[in-house]
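**Q** Below are the structure tokens for one structure; questions will follow.
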Amino acid sequence: MNDTTSFLKFDASPPAFSLENWTECSGKDFVEAFDVHSFTEAVAIAAEKLRNVLEQHDIKGVTLQSPQVLTAAARALMCGEKNSGFEAKRFADTLDLYLNTCIRVGSRGYMGRQFSSVVPVSAVFDLVSALAPQPASYYEAGQLANVADKIMAEEFAPFIGWPANSFDMVTTSGASLANLTAVLAARNQKLGPIWTKGLETPIDGKRPAIAIGEDAHYSVVRLGGILGIGQDQVIRLPLNSQHQICPVRAEQRIEAAKQCGLNVFCLVASAGTTAVGAIDPLTELAILARKHSIWFHVDAAHGGALLVSDRLRSRLQGLEMADSFCLDAHKMLFVPALCTLLFYRNRSAAAAAFPHRTASYVADPFDDEISHFQSGSKNFECTKRASILNLWLVWALFGRCFFEGKINHLIDMTSEIYAYLRSLPDFEVVHNPEINILCFRHCPHGLQRDQHDTFQFELRDRVRKGGRYFVSAAVLNGKAAMRLVLMNHEITLQDVAGLVREIRGHAQNILHEQASPVPPSKWQATSALPI
Ligand SMILES: *Cc1c(COP(=O)(O)O)cnc(C)c1O
């Protein structure tokens, strides 16, 4: 019996059907979870707690808990098999557990990461769009989301210097995904039939390779493995003393790679490296890429937002020559994560990432006025959060000047902190900050030279454990440093002076302890969480 006959056989005797037997839903256990009153009660509880969070003005970093203790606390909140319905207390306790384990991004002690505190009303909109979703890849499902994509692209075009209708922009969930999508487009456009034939096909007898800076974000470093090029074919370009790719040495590396039989088809630069915020010399690198027919992608996840500042935009000169670049609105545009804008200079290039027709169950097999608006065929994601709406909303409510004002302030603040730290004899600033990231070392008198690196990590750990300030660490040219990322506009020089006092205090403790070392516990000594 083949499939056709079995299908016919099934069709020949459909099950008996009667409308009267249709089971009514109401009163069933699962219906309660959708109860409107539970929802409004939950919103009221959450609004009250979040108001408290926003009104807190204490200086607080992160309270690190042991994963075991936290797992036990989280498990204690789970109802198990029985469905006990919406319990306001359990819900409130769950929010407390969450809020108690957050990095306090709104506190003046938070100076360690690129996560942004968000414009509060955009967070409310996240709730609205979660409950009344507009999945953003297809117009039918996400009408306003798709329109907002186009509006935001048009708003950015004059800052980049691109003529309307010449370029394209898609949103992705994060810069890691945007970098991957862009380099995939580069791979497909530059390496001929690779999408259909795979990498086994010899391409003029040469192995494909990509060139990236020594300090490229790890999502870029991984691309060789992900895209089937192989990590050995990821060429690292040397940096200058300001941690930027050095164009002259970059060209030498690319030439040498060609001599070795490699086909370098993509060059990825950074505009704001994660470690120090260095902006690579984009114009020179764009010229270099063009000379060698290489796709030029700029990972501007952190620094791309400078585009909206009249005063700072020129720091991104050369970005307009990129074939593609991305920027994270959830970093320097202060909206909820994840919201990334991926721009292609040539409108047609955006389709290169996924050069097959999208399936008929999501997109019609013909073009019409709607197909121009939907991004599904240019995007990894099928169901996609419409996070662009957060950005559009804040842009619509507060205008470009809001973003410009906050960005300018953060960058000015970083310059002042740089000058302050440089004025302290026991602090060493590792680089001249180009954006709002600043790395420094504390090297007190009496510290052995060979201890400098472990000392920075130990200080980072102790500062974090102290729970007031939150700083991170980075290794630069083999040297460890503490790292500040100034995302909170409320931080003052007084707060940084407080951090300096705290670092000095920990440093003195470490130096005293060195005579009789006792390994410190990484976790707080709490046995239960205060929920
Ligand atoms: C943050 C960052 C990324 C990663 O972005 P996600 O949005 O977290 O995926 C990539 N590159 C740079 C330069 C970054 O700063």
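The values are calculated or read from the model by the stated rules, or taken from the named source; none is laboratory data. Please read all numbers here as calculations on a predicted model, not as lab measurements. Cβ atoms come from the backbone with ideal geometry, glycine included; neighbour counts cover every protein chain shown. Each accessible area value is taken on the protein alone, full model and side chains, heavy atoms only, with ligands, DNA and RNA left out. Shrake-Rupley method; radii C 1.70, N 1.55, O 1.52, S 1.80 Å.
**Q** Roughly how many whole Å is it from the C-alpha centroid of region 23-68 to that of region 211-284?
**A** 45
**Q** Per residue of region 421-429, what does 6.51 cos²θ - 1.76 cosθ + 1.60 with θ = phi - 60° give for ³J(HN,Hα)? Whole Hz please, x for Gly and Pro, Karplus curve as stated.
**A** Ordered by residue, 3J(HN,Hα) equals 5, 5, 7, 9, x, 9, 10, 10, 8 Hz.
**Q** Rounded to a whole number of µm²/s, how large is the Stokes-Einstein D of region 121-216 at 37 °C and 0.692 mPa s, given Rh as the Kirkwood radius over C-alpha pairs?
**A** On the way: Rh = 16.9 Å.
Here the translational diffusion coefficient equals 194 µm²/s.
**Q** Output ³J(HN,Hα) for region 123-136: one whole-Hz value per residue in order, computed from phi by the Karplus curve 6.51 cos²θ - 1.76 cosθ + 1.60 with θ = phi - 60°, and x for Gly and Pro.
**A** 5, 5, 5, 4, 5, 4, 6, 6, 7, 10, x, 10, x, 8
**Q** Continuing with this model, one more query. With labels modelled as points extended 7 Å from the Cα through the Cβ direction, what inter-label distance (nm, one decimal) is found for Asn100 paired with Ala123?
**A** 1.9
**Q** Ranking request for peptides 125-133, 83-91: highest mean number of other beta-carbon atoms within 10 Å first, then the rest in descending order. Could the numbers behind the result be given before it?
**A** Details: 125-133: 14.1, 83-91: 12.3.
Descending mean neighbour count gives 125-133, 83-91.
**Q** Right, something else. If you place +1 on the Cβ of every Lys and Arg and -1 on the Cβ of every Asp and Glu, how big does the dipole about the Cα centre of region 409-451 come out, in debye to the nearest 20?
**A** Values: 3 positive and 6 negative charges, 27 e Å.
Charge dipole of region 409-451: 120 debye, to the nearest 20.
**Q** By average Cβ neighbour count within 10 Å, what is the ranking of 478-487, 377-386 from highest down? Walk me through the numbers before you get to the answer.
**A** Working: 478-487: 21.4, 377-386: 19.4.
Packing proxy ranking, top to bottom: 478-487, 377-386.
**Q** I'd like to compare 139-150, 69-80, 113-124: which one has the highest average count of other Cβ atoms within 10 Å, and what's the full order after that? Numbers along the way, then the final one.
**A** Values: 139-150: 19.9, 69-80: 12.5, 113-124: 17.5.
Highest-to-lowest ranking by the protection proxy: 139-150, 113-124, 69-80.
**Q** Separate question: Bin all alpha-carbon pair distances of the chain at 10 Å intervals from 0 and give each bin's fraction as a whole percent.
**A** Reading the bins upward from 0: 3, 15, 22, 24, 19, 11, 4, 1, 0, 0.
**Q** Go through Glu41, Glu81, Glu154, Glu251 and list them by solvent-accessible area, largest first, probe radius 1.4 Å.
**A** On the way: Glu41 85, Glu81 185, Glu154 120, Glu251 50 Å².
The ordering from most to least exposed comes out as Glu81, Glu154, Glu41, Glu251.
**Q** Hey, quick one: spin label on Lys479, modelled 7 Å out along Cα-Cβ, who in region 440-462 has an amide N within reach, i.e. under 14 Å?
**A** Zone members listed by number: 440-444, 449-456.
**Q** Hey, another quick one. Can you give the extra length, in nm with one decimal, that the chain gains between Gln494 and Phe91 once fully stretched, where that is 0.36 nm per residue apart less the Cα-Cα distance?
**A** Numbers: separation 403, 0.36 × 403 = 145.08 nm, distance 3.80 nm.
Extra length available between Gln494 and Phe91 comes to 141.3 nm.
**Q** With a point put 7 Å past each Cα toward its Cβ, work out how far His409 is from Gln242 in nm, to one decimal.
**A** 2.7
**Q** Please list, in chain and number order, the residues 5+ apart from Val264 or on another chain whose amide H is under 5 Å from its amide H, with Hs placed from the backbone.
**A** Ala209
**Q** Quick one: order Cys102, Cys326 from most to least accessible surface, probe 1.4 Å.
**A** Descending accessible area places them as Cys102, Cys326.
**Q** Calculate the FRET efficiency for Ala351 and Val147 from the Cβ-Cβ distance with a Förster distance of 30 Å, rounded to the nearest 0.05. Mind dumping the intermediate values first?
**A** Values: r = 20 Å, r/R0 = 0.66.
After rounding, the FRET efficiency stands at 0.90.
**Q** To continue, here is another question. Which value does Rg/Rh take for region 244-339 over its C-alpha atoms, Rh per Kirkwood? Show your work: numbers first, answer last.
**A** Details: Rg = 14.3 Å, Rh = 14.0 Å.
With Rh from the inverse mean 1/r over Cα pairs, Rg/Rh is 1.02.
**Q** Based on the Cα gyration tensor of region 286-394, what are the three equivalent ellipsoid semi-axes, each the root of five times an eigenvalue, rounded to whole Å and given largest first? Show your work: numbers first, answer last.
**A** Numbers: eigenvalues 145, 88, 23 Å².
Three semi-axes, in Å: 27, 21, 11.
**Q** Give me the percent of the accessible area of the chain that comes from carbon and sulfur atoms, probe 1.4 Å, all protein chains in place.
**A** On the way: 14930 of 26540 Å².
That fraction is 56 percent.
**Q** Straight distance only, please: which lysines reach the Cα of Lys150 with their own Cα at less than 24 Å, same-chain residues fewer than 8 apart left out?
**A** Output for Lys150: Lys331, Lys378, Lys384.
**Q** Let me ask you something else. For region 26-138, list log₁₀ I(q)/I(0) at each q in 0.09, 0.14, 0.20, 0.21 Å⁻¹, using the Debye formula over Cα point scatterers of equal strength and ignoring solvent, two decimals each.
**A** -0.34, -0.80, -1.29, -1.32
**Q** If you don't mind, another one. Given charges of +1 on the Cβ of Lys and Arg and -1 on the Cβ of Asp and Glu, with all other atoms neutral, how large is the dipole of the chain about its Cα centre, in debye to the nearest 20? Before the final figure, lay out each step's value.
**A** Details: 50 positive and 54 negative charges, 333 e Å.
My answer is approximately 1600 debye.
**Q** Okay, moving on. Along region 187-200, what does the Karplus equation 6.51 cos²θ - 1.76 cosθ + 1.60 (θ = phi - 60°) give for ³J(HN,Hα), rounded to whole Hz, x for Gly and Pro?
**A** 4, 5, 6, 8, 10, x, x, 4, 4, 8, 8, x, 6, 5
**Q** Right, here's the next one. Fully extended, how many nm does the chain gain between Glu214 and Gln259 (0.36 nm per residue separation, minus their Cα-Cα distance)? Don't skip to the answer; put the middle values down first.
**A** On the way: separation 45, 0.36 × 45 = 16.20 nm, distance 2.08 nm.
Gain in length upon complete extension: 14.1 nm.
**Q** Another question, if that's okay. For the chain, what is the accessible area per residue in Å², given a 1.4 Å probe and the full set of protein chains?
**A** Roughly 50 Å² per residue, with all protein chains present.
**Q** Which order do Ser293, Ser66 take when ranked by solvent-accessible area (1.4 Å probe, heavy atoms of all protein chains), largest first? Can you show the working numbers first?
**A** Numbers: Ser293 80, Ser66 20 Å².
Order by accessible area, largest first: Ser293, Ser66.
**Q** Right, something else. How many nm is it between the label spots at Ser84 and Lys49, if each spot is 7 Å from the Cα in line with the beta carbon?
**A** With each label placed 7 Å out from Cα toward Cβ, I get 1.6 nm.
**Q** Can you say what percent of the DSSP beta bridges in the chain, counting only those with both residues inside, are antiparallel? Round to 5.
**A** Of those bridges, close to 55 percent are antiparallel.
**Q** Give the accessible area for Glu513 in Å² (nearest 10); use a 1.4 Å probe, count only protein heavy atoms, and leave out ligands, DNA and RNA.
**A** About 70 Å², ignoring ligands and nucleic acids.
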